[in-house]
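Chemist: Sharing a structure here in structure tokens format.
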Amino acid sequence: MVPADEGGGLMRADLLTEPVDGLDEALAAVDAFDGALAAGLLRPQPAQGADLARLAHAVAGSPLAARVTEAAEKAAAGAADEDHFVALAAARAALLGSVHDALTARAHEATGRIPGDETAPAPAGRQEANLPAAARAWLSDLARAGWQGIDHDLVAQSARIVAAMLPEPELRRLATLLDGFAAELAASCPGATLERIPARRWADLWSRAMLLTLSGSGTPATGTATGRLLPLGVDLHEHATAAQAQVHAVFEPADGGPPRLVRASVSVPKPDTVVAAGVWQLLRPHMSLLSAVGEGRAMDVTDMPLTVEGDLIWSDERAHAGDAADAFATARVALPTAAMAATAPLDRHPARIAMPVFLDGYTAQQVDGAVTFTLATGTVTVDTDRIPAAGPLTPEAVAASGACIGLLRWDAGSFTVQPLAVETTVRKKAVAVHAGAWAGGTTDKAGVKAEKAATDAVAVLRERAGRLLRT
């Protein structure tokens, strides 16, 4: 992560490319089930029965074995009920959880990261409320129809369930997932005409939603944090109707305890006309931490709710700006000793791996648009597609860099690094370029232009909404 002569250890990039035992077999079983689900389980064919049996065989040595075997047999006969679909979703989640654990262990070995010693609590018991039961029934109907059999009438049945769930805080997580899932399905109806089905993604959403109908709203706060927060960078997720900023940071407890890695997130709905740097206008008012990131400052927090997974449940009333804090100094000094947080059972999925790392002393190369970092121990692929347009960081800046703060991820069968910030040379001067540099506001010409365009777009939308309300 940092050169050995600076107190750290070099990333073992070679370990990131070595095969992981059992990984391909587990993913093959998941793919088999996903294929069966895509075709629908109302009148399954013999090939689907074989795919379901493959999923059951993959968990044969686990406590799920008996229930999943029964569920696979019932589904293969076209006689599966809601409990059977829940068992199949649990088996799929368990397999991907094992993949997550194996990849995380490999990442710890390669980076020298310190795994946390806490264990995330198990999900809450089964919910018997009417709304989760209604969601479970709709998801079961989806499984029977399959992605090839979806139509607008089937997808639209979720609307009333979502609308009833949204006012309930404990059901909002499930409601948001169902709403987004239904929107994707609606945009793809009718399923019979689809040339390509995103089988892995839709099965991910289906199985996660099915399990959330049983387990409640997620991991609650298990403690509080008082101390200093040293931001590393911002991971921005932007979609047509929503945006989320997730700040990765090192937390130093005021009582002198060991530092640990934490996250703080804020999510907002947005109109599809607000893009690029304009999204900061929507996010900024909800989290003062974004301004601190843009200004290069630490934050002092007092009794901030904290989950065992390392997620701060942010409240501006419990935080105030601290002294200047350089992210690269934090990455060099504090990151190597910061412990990783635990992962909640339902969040154990390879797509959720996002481990903060610091790379230095590499040689960056850009060939046909693809950027790689060559270290003493091997080569790491850089995922420049994840760099947001809402900041000054560009693939060209990454390709000209000599140091990088990033997130180690696993996607499409390999580990990659998503840059959050880089140190590069501009006009013979060393400068730091951050993906979240505009989070707190900017004087950069491109950023100012994008924010002005967003302001104009929001003003027009508000005027039109007001006109509709008056008519």
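The values are calculated or read from the model by the stated rules, or taken from the named source; none is laboratory data. Just so we're clear, the structure is a prediction, and the values are computed from it rather than from any experiment. So basically every Cβ, Gly included, is an ideal-geometry build from the backbone, and we count neighbours across all protein chains shown.
Chemist: Pairs under 8 Å by beta carbon, first residue farther than 14 Å from TRP202 by Cα in region 135-150, partner of a type in the set (Asp, Glu), six or more apart or different chains?
Modeler: ARG136/GLU82; ALA137/GLU82
Chemist: Looking at PRO19, PRO44, which one is out of contact with any Ser or Thr (no Cβ under 9 Å at 6 or more places or on another chain), at pLDDT 95 or above, assigned to a loop (DSSP other than H, G, I, E, B) and not assigned by TED's automatic domain parsing to the domain that holds TRP138?
Modeler: PRO44
Chemist: Turning to a different aspect of this structure: With respect to GLY296, determine if the residue is of a type outside the set (Ser, Thr, Tyr), on the phi > 0 side of the Ramachandran plot and in contact with a Leu (Cβ under 9 Å, 6 or more places away or on another chain).
Modeler: No, not satisfied.
Chemist: I'd like the residue in region 62-78 that is over 12 Å from ALA91 (Cβ atoms) and in a loop (DSSP other than H, G, I, E, B) and, out of all such residues, is nearest to the chain's Cα centre (by Cα).
Modeler: So the residue we want is GLY78.
Chemist: What number of residues in region 249-273 are surrounded by 23 or more Cβ atoms within 10 Å (Cβ to Cβ) and closer than 14 Å to LEU236 by Cα?
Modeler: Residues flagged as surrounded by 23 or more Cβ atoms within 10 Å (Cβ to Cβ) and closer than 14 Å to LEU236 by Cα within region 249-273 amount to 1.
Chemist: Would you confirm, using the coordinates I've provided, whether ARG113 is charged (D, E, K, R), surrounded by 15 or more Cβ atoms within 10 Å (Cβ to Cβ), modelled with pLDDT of 95 or more and touching a Leu at 6+ places or on another chain (Cβ under 9 Å)?
Modeler: For ARG113, the condition - charged (D, E, K, R), surrounded by 15 or more Cβ atoms within 10 Å (Cβ to Cβ), modelled with pLDDT of 95 or more and touching a Leu at 6+ places or on another chain (Cβ under 9 Å) - is not met.
Chemist: Show the residue pairs that are 6+ apart or on different chains and have beta-carbon atoms under 8 Å apart, the first residue being within region 371-382 and small (Gly, Ala, Ser), the second being buried (at least 16 other Cβ atoms within 10 Å of the Cβ).
Modeler: ALA376/LEU10; GLY378/ARG12; GLY378/ALA13; GLY378/LEU16
Chemist: Then there's this: How do the helices (runs of 4 or more DSSP H) wholly within region 140-247 filter down when requiring 1 or more residues that are at pLDDT below 95: which remain?
Modeler: So the answer is 158-165, 172-186, 199-215.
Chemist: Now, a different point. If ASP255 satisfies all but one of (1) within 23 Å of PRO392 (Cα to Cα); (2) not in a strand (DSSP E or B); (3) not aromatic (Phe, Trp, Tyr), what's the number of the condition it fails?
Modeler: Every condition holds for ASP255 apart from (1).
Chemist: When VAL268 is evaluated against the numbered criteria (1) closer than 27 Å to PHE328 by Cβ; (2) modelled with pLDDT under 95; (3) in a strand (DSSP E or B), which criterion, by number, is the only one it fails?
Modeler: (1)
Chemist: Does PRO336 meet the test of being under 26 Å from SER267 (Cα atoms) and either touching a Phe, Trp or Tyr at 6+ places or on another chain (Cβ under 9 Å) or of a type outside the set (A, V, I, L, M, F, W, C) (or both)?
Modeler: Taking the combined requirement at face value, the residue does not satisfy it.
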